[in-house]
Amino acid sequence: MQKYKVLAFDIDDTLVDDVAAIKYAISQVYEHLHIISTEENMLQYVHFDEYFWKRFQENKIVVPKELPTDWATYLRALRFVEFFKDKSVSLEEGILLNDIYMSHLGDCIQPLPNVRETLEFLQKYYKLVLITNGVKNLITKKLEVIKVDSLFSGIVCSEDIGKNKPHPLFYKALFELCKCEPREILAIGDSLSSDILGGMQNGMDTIWFNHRDKPLLPGYTPTYEIKRMLELKKLVA
């Protein structure tokens, strides 16, 4: 399958275990609010977080033109305002909760199985780049902790662009970085609403890394689907 020149990887819950990191970070927010963390309420936040960003990607969250802070901080704070609506959390309090959350998000960085082995193999045949809606300094830390930072030739980050996947401007930056056509790039990620939809809307083939065995939702057509990272070696070698 050497029709591709570039493999574009998502990172959160594609290369690193995002659920473990989120559960730890939200446990610290709960502690600040004097809430006892349980598996149930941590997973409740994990599911809410995924739903919140899916709504944003589908343009179901309206961002005001005039903001008291930058757009990314506003959205991350709004997430906590909505999640803790029963506590009537203000936007200012949401910003504080987000600061606590973000400060701990990098404290529990764990690679998903066989990530480094697979990337080291693929780097022999392809240019590897990272495409992420994450926070730049945290993404850099994650790559360093799982010891794959040297394997990537570039990073396209929404924080730098001002637009998240699947927005066309995000992918314009990817195409400019790679200096090749969309059909020459294969995108790999776990999210249907950002990774797969972004590829579909911008002329790229995609691999849905469905390691959590989620159902394929209507309207999404990944080119390929895998459940284990090692499957990539056979699929694209």
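Sort 198-206, 224-232, 5-13, 36-44 by packing, meaning the average of other beta carbons within 10 Å per residue, with the highest value first.
Details: 198-206: 20.6, 224-232: 16.2, 5-13: 22.2, 36-44: 12.1.
Result, highest mean Cβ count within 10 Å first: 5-13, 198-206, 224-232, 36-44.
Give the angle, between 0 and 90 degrees and rounded to the nearest 10, that separates the Cα long axis of helix 39-57 from the longest principal axis of the Cα atoms of the chain.
Result, in degrees: 70.
What Kirkwood hydrodynamic radius, in Å, does segment 22-91 give when the mean of 1/r is taken over all pairs of distinct Cα atoms and then inverted? Spell out each step's value before the answer.
On the way: mean 1/r = 0.0767 Å⁻¹.
Radius from the Kirkwood sum: 13.0 Å.
At 0.36 nm per residue, and after removing the present C-alpha to C-alpha distance, how many nm does the segment from Glu50 to Arg116 gain when stretched out fully? Provide the component values of the computation, followed by the final result.
On the way: separation 66, 0.36 × 66 = 23.76 nm, distance 2.55 nm.
Once the chain is fully extended between Glu50 and Arg116, it gains 21.2 nm.
What is the chain's relative contact order, in percent, from Cα pairs under 8 angstrom and six or more apart in sequence? Please report the intermediate quantities before stating the final value.
Values: 355 pairs, mean separation 60.2, N = 237.
Relative contact order for the chain comes out at 25 percent.
So which lysines pass the test for Lys54, namely a Cα distance under 24 Å, with those fewer than 8 places away in the same chain ruled out?
Within the straight-line cut-off, Lys54 pairs with Lys23, Lys65, Lys85, Lys87, Lys136, Lys142, Lys163, Lys165, Lys172, Lys214, Lys227.
Considering only Leu217, Leu186, Leu78, give the residue with the highest GNM mean-square fluctuation for the chain, with springs between Cα atoms whenever their separation is below 10 Å.
Checking each option, the largest mean-square fluctuation is seen for Leu217.
Among Val236, Leu78, Ser90, which residue has its Cα furthest toward the positive end of the charge dipole of the chain, with +1 on Lys/Arg Cβ and -1 on Asp/Glu Cβ?
Result: Val236, furthest along the dipole toward the positive end.
Rounded to the nearest 5, what is the percent of antiparallel bridges among the DSSP beta bridges in the chain? Provide the component values of the computation, followed by the final result.
Working: 1 of 21 bridges.
Of the beta bridges lying entirely in the chain, close to 5 percent run antiparallel.
Show log10 I(q)/I(0) for segment 134-232 at q = 0.10, 0.23 Å⁻¹, two decimals, from a solvent-free Debye sum over equal Cα scatterers.
-0.28, -1.38
Using Cα centres only, tell me the gap between segment 1-37 and segment 106-121 in whole Å.
12
In units of 2.2 N^0.38 Å, what is the alpha-carbon radius of gyration of the chain?
Details: Rg = 17.8 Å, N = 237, 2.2 N^0.38 = 17.6 Å.
Expressed relative to 2.2 N^0.38 Å, the Cα Rg reads 1.01.
With a sphere of radius 12 Å drawn around the Cβ of Asp10, what net charge do the other residues whose Cβ falls strictly inside it have (Lys, Arg +1; Asp, Glu -1)?
Values: positive: Lys142, Lys165; negative: Asp12, Asp13, Asp18, Asp190, Asp195.
Within the 12 Å Cβ shell, the charges total -3.
Read-outs throughout are calculated quantities, based only on the coordinates presented, and are distinct from any laboratory measurement. From a predicted model like this one, the values you see are computed outputs, not experimental measurements. Neighbour counts are summed over all protein chains in view; Cβ atoms, including those assigned to glycine, are modelled from backbone coordinates with ideal geometry.
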